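Here is the structure we will look at.
The numbers here are math on the coordinates, done by the rules we state, and not lab data. Note that the coordinates shown come from a computational prediction; the quantities given were computed from them, not determined experimentally. Positions of Cβ are generated from backbone atoms using ideal geometry, with glycine treated the same way; all protein chains shown enter the neighbour counts.
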Amino acid sequence: MLHLARTFLGSCVAERACGGFNFTLRRASVPAEAVPEHSHATAHFIYALDEGYETSAHRAAELGGACLVYNPPSVVHRDCYDEQSANGRFLALDIPVEIAALDVDHPIVIDRTASRKIAASIVGLMLEGAPAVDLEDRALSLMTGISFHTKHAAYKAPPWLERAVEAISDLSNDAKLEVNAIARIVDVHPVHLARVFSIHFGSTPGELLRRRRTERALSLLSGTERLSDVAAQAGFADQSHMTRAFRSTFGATPAVIRAAF
């Protein structure tokens, strides 16, 4: 088994260090079949920007799409992008030993929308060359998401919640999709839908819908299509709508993110 010390597999796009945290933006460069089982001496987050990231973390498949994974110190894992997403992009955040979540002993997927948005904002801050204190602040905020996750881990989601998430994912490229339509699909009241989303994900159905569209657009940025076409395919009303969503999520425009990778 390979033991990595503050090192992550993949080619480095950008790197920063502050407050004891190490931040790196990377693109996967090792074929999935060549990734060995390994561990890290310190805890870390992986924010996978593209679909196709495979992880053994608990509840990994529940939300699909891009994912945010927390791995405790010394946990053996073999997380990697699958063969179809061989050059996937990801943020690796290495955590100082003294602030690791000691009450977590297994890898977990952080499905809280606020936490994923914080991880996405770190990407933008790194690309924009933001002050170190801003990166440190976001990293500390991510740690609070673990507490939220463990607090609500015992909450048993109703059977229709998974169907609602799938419906949002499947229909997110429809610019006219409304939350009321999702509520009708799963046969629950819109207010109840919003309440359960808040308990389970710390967000609203609309926020998940916007995240899905942003994730879809992010994956399309790997190609050469015009930004207006990317916006249309991802379900945004127009390019300006997509740009606002990217600024809100990443703190950077689609053009900046495309150029960086």
Only Lys, Arg, Asp and Glu count, each charged at its Cβ (+1, +1, -1, -1), so figure out the dipole size of the chain about its Cα centre, rounded to 20 debye. 620
Using θ = phi - 60° and the Karplus curve 6.51 cos²θ - 1.76 cosθ + 1.60, what whole-Hz ³J(HN,Hα) does each residue of segment 77-88 get, with Gly and Pro shown as x? 8, 9, 7, 6, 7, 6, 4, 6, 10, 4, 10, x
Could you tell me what a quarter of the Cα convex hull surface of segment 159-260 works out to, in nm² with one decimal place? 6.4
Net +/- balance of residues flanking residue 174 in space, Cβ distance below 12 Å, scoring K and R +1, D and E -1: +2
Just one of (1) 20.5, 72; (2) 18.4, 66; (3) 17.9, 50 is Rg and Dmax of the Cα atoms in Å calculated from these coordinates, so which is it? (3)
Net charge of neighbours whose Cβ lies under 12 Å from the Cβ of residue 18, counting Lys and Arg as +1 and Asp and Glu as -1: -3
Computed ³J(HN,Hα) along segment 137-144: with the Karplus parameters 6.51/-1.76/1.60, θ = phi - 60°, integer Hz and x for glycine or proline, the list is 4, 5, 5, 5, 5, 4, 5, 5
About its Cα centre, segment 159-260 carries a charge dipole, from +1 on Lys and Arg Cβ atoms and -1 on Asp and Glu Cβ atoms, whose size in debye to the nearest 20 is 280
Given charges at Cβ of Lys, Arg, Asp, Glu: the chain dipole, positive-most of 76, 41, 214: 214
Phi-derived 3J(HN,Hα) across segment 178-186 with the Karplus relation (6.51, -1.76, 1.60, θ = phi - 60°), rounded Hz, x for Gly and Pro, is 10, 4, 4, 5, 5, 4, 5, 4, 9
